[in-house]
1. Which number in (1) open to solvent by less than 40 Å² (accessible area, probe 1.4 Å); (2) part of a helix (DSSP H, G or I); (3) closer than 30 Å to Ala134 by Cα marks the one condition that Ser494 misses?
2. Scanning the stretch 394-449 for residues that are of a type in the set (D, E, K, R) and more than 16 Å from the chain's Cα centre (by Cα), which turns out farthest from Ala501 (Cα to Cα)?
3. Just to verify a result, which residue in the stretch 11-61, among those that are of a type in the set (Ser, Thr, Tyr) and surrounded by fewer than 22 Cβ atoms within 10 Å (Cβ to Cβ), is farthest from Arg383 (Cα to Cα)?
4. Can we say Ser468 is open to solvent by less than 50 Å² (accessible area, probe 1.4 Å), part of a helix (DSSP H, G or I), polar (S, T, N, Q) and touching a Leu at 6+ places or on another chain (Cβ under 6 Å)?
5. Which one of Gly90, Gly114 is open to solvent by 10 Å² or more (accessible area, probe 1.4 Å) and under 18 Å from Thr162 (Cβ atoms)?
6. Counting just the residues of the stretch 185-225 that are away from the ligand (no atom under 12 Å from the Cβ), part of a strand (DSSP E or B) and in contact with a helix residue (DSSP H, G or I) (Cβ under 7 Å, 6 or more places away or on another chain), which one comes out least open to solvent (accessible area, probe 1.4 Å)?
7. Under 6 Å between Cβ atoms, at least 6 apart or on separate chains: pull out the pairs that start in the stretch 58-81 with a residue that is in a loop (DSSP other than H, G, I, E, B) and of a type in the set (A, V, I, L, M, F, W, C) and end on any residue that is open to solvent by less than 20 Å² (accessible area, probe 1.4 Å) and modelled with pLDDT of 95 or more.
8. Would you mind telling me which numbered condition in (1) open to solvent by less than 20 Å² (accessible area, probe 1.4 Å); (2) over 21 Å from Ala295 (Cβ atoms); (3) within 12 Å of the ligand (Cβ to nearest atom) Ala181 fails?
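The values are calculated or read from the model by the stated rules, or taken from the named source; none is laboratory data. What you see is a predicted model; the values in this text were computed from it and never measured. Counting neighbours? That spans all protein chains shown, and the Cβs are built from the backbone with ideal geometry, glycine included. We work out accessible area using only protein heavy atoms, side chains counted, and drop any ligands, DNA or RNA first. Shrake-Rupley method; radii C 1.70, N 1.55, O 1.52, S 1.80 Å.
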Amino acid sequence: MPTYKAPVSDTLFLLTDVFDYAKYANAPGFSEAPIDVVEAVLAEGAKFVEEVVQPLNRVGDIEGCKRNPDGSVTTPKGFKEAYKAFVEGGWVGLAGDPAYGGQGLPIFLSVLFGEYATAANLAFAMYPGLTNGAVAALMAYAGDELKSRYLPKMTTGEWTGTMNLTEPHCGTDLGLIKTRAAPQADGSYAITGQKIFISAGEHDLADNIIHLVLARIEGAPPGTKGISLFLVPKFLPDADGGIGARNGVVCGAIEHKMGIHGNSTAVMNYDGAKGWLVGELHRGLHAMFVMMNSARLGVGVQGLALSEAAYQNAAAYAKDRRQGRSLKGAVEPDKPADILLVHPDVRRMLLEIRAFNEAARALMVWVAISEDEARLSPDPKARQAAEDRLGLMTPVLKGVFTDYGFANAVKAQQVLGGHGYIAEWGVEQFVRDARIAMIYEGANGVQALDLVARKLPKDGGRAIMAFSSEVSQFLAAAKDEAALAPYVGGLRASFGHLQEASMWLMKNGLADANNAGAASYDYMHLLGLTALGYMWARIVKAALARQANGESNPAIDAKLPLARFFSERMLPETAAHLARLSSGAASVMALPADAF
Ligand SMILES: Cc1cc2nc3c(=O)[nH]c(=O)nc-3n(C[C@H](O)[C@H](O)[C@H](O)COP(=O)(O)OP(=O)(O)OC[C@H]3O[C@@H](n4cnc5c(N)ncnc54)[C@H](O)[C@@H]3O)c2cc1C
């Protein structure tokens, strides 16, 4: 049976030592969460997910969700009770607005707790995760009436939320949406159409499910400029805000799929269902982007979370399993064989996973804090810088973290050899569960395009220039710090590759759009690796400072060899990314379509 222990002390080290959390002590939003509160919340959250949520991960995978003949969906055994405890513990509304029953803590805390909940049980964590995204969109765009009717129950998680974009003929290209919304005399809309692949679309965890649905009214402009966003509840609230009449939306089927079996992926049929406009008419995609951006970061965290869970189980296995002898002679001659960890290739696999995880966690913390700064900082410059960082890094977290999440789950499976392929060890579930994160919420190829076509050129390239200037200043200062030298060589080279790649894109992407398209995936990974390298450099600086204070802590000491491994064995990949992307689109586009 797989196990999971939330890495609370690593998260705290990142906050206090790497990102100097003390400097936010009096900042709006952060002052609600001094470090002792942060520590208590993370420790309590870790205990909760380890004891209540993680034990349901395998049950959820084996049992899956079941659709009943009346269209209702039964979640796996134990999910309902665990979800009730999740709501009662205040975990859904951790960062929710106190005006609606939330706890008013900073968003970053909810993101960091999200890593633990997701690593414990991805399928389960998606129910509250989607609800939080829907709440964010309603907070930003719903009118007062809708807010007061729905947000108190959604903020706490008593009612859950969903995101309805996809239709059978329309996935990435949302301009093709056909679902219709007909205006009614009472100001509501009648929604008709079919949505597919709707995560948490129907289930038995909550009394009501609130769907956020993209649809178009008659006569709306074609394409994405004619889409509006509607709130469509499963049950219409009665006069007291309780459960009223059933609305015209039913789950027609649930999908049988590769992983996340504990999360229901539903076909939702809307037949004149009553809905209410959220935000402006024809500006629905704009409003939905609040939910999509929150979901993209959440999905990025899924990549890290599964990579961490997979690592923990593979490392434990490698410490226990005995096969063969060390290449340099038996390490434990009195035993029939040495443990797997004596083999350099097994170490390579584990180190590749862990060196990603610890830097990715740092990048996640940095970006999550930026979410709060972008909302609440009183300094307009700091707000803008945080907003830029968030925008630039969102496709990186989504695209790069989830690619590594899946690849790392496969590596962890490899560490277990044949046992990794056998269900009872649980690592093959991580592989199956991690795969979807590369696809949904905008497939990773689309994230790469978003980065190259929108995020890079936005505001004259301000976001990438700010990131580059920060790394460049760090590297300049590092020249005078001899202790840092063994750890930043890889970053120096990768940063050079990133600059070359950005220049190449500016010149060649504008001249031929296919150049930008063909370069985008490599560029996303090149930026991702460089950002992770920068995180390692900052982690090393903080770890060296602890050591200089005479502290001896194995977890902190381990940062140094891990940083060196990342610098010497993982960052060189950026050279290949640069070489590939700067070869241009010619070889990619040469084969005619009918030759495929
Ligand atoms: C388990 C699961 C849960 C899901 N949950 C939800 C949900 O809750 N709500 C919801 O609305 N949807 C959900 N989805 C749908 C998901 O977001 C889509 O599957 C995804 O966005 C891709 O759309 P598609 O499947 O239609 O693929 P397509 O859009 O057909 O894309 C196919 C491939 O072509 C590439 N591609 C497409 N267009 C372009 C382009 N312009 N440039 C470059 N490459 C391109 C894509 O990257 C992809 O690799 C879910 C899907 C699954 C499987």
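1. (3)
2. Glu424
3. As a first pass, look at the stretch 11-61 and keep what is of a type in the set (Ser, Thr, Tyr): 11, 16, 21, 24, 31.
Filter again for surrounded by fewer than 22 Cβ atoms within 10 Å (Cβ to Cβ), leaving 16, 21, 31.
Values: Thr16: 21, Tyr21: 17, Ser31: 17 Å.
Taking the candidates together, the pick is Thr16.
4. Spelling it out, it is not the case that Ser468 is open to solvent by less than 50 Å² (accessible area, probe 1.4 Å), part of a helix (DSSP H, G or I), polar (S, T, N, Q) and touching a Leu at 6+ places or on another chain (Cβ under 6 Å).
5. Values: Gly90 fails: under 18 Å from Thr162 (Cβ atoms).
Selected residue: Gly114, the only one of Gly90, Gly114 that is open to solvent by 10 Å² or more (accessible area, probe 1.4 Å) and under 18 Å from Thr162 (Cβ atoms).
6. Ile210
7. Partner pairs satisfying both residue conditions: Cys65/Val73; Cys65/Thr75; Cys65/Ser264.
8. Tallying (1) open to solvent by less than 20 Å² (accessible area, probe 1.4 Å); (2) over 21 Å from Ala295 (Cβ atoms); (3) within 12 Å of the ligand (Cβ to nearest atom), Ala181 fails exactly one: (3).
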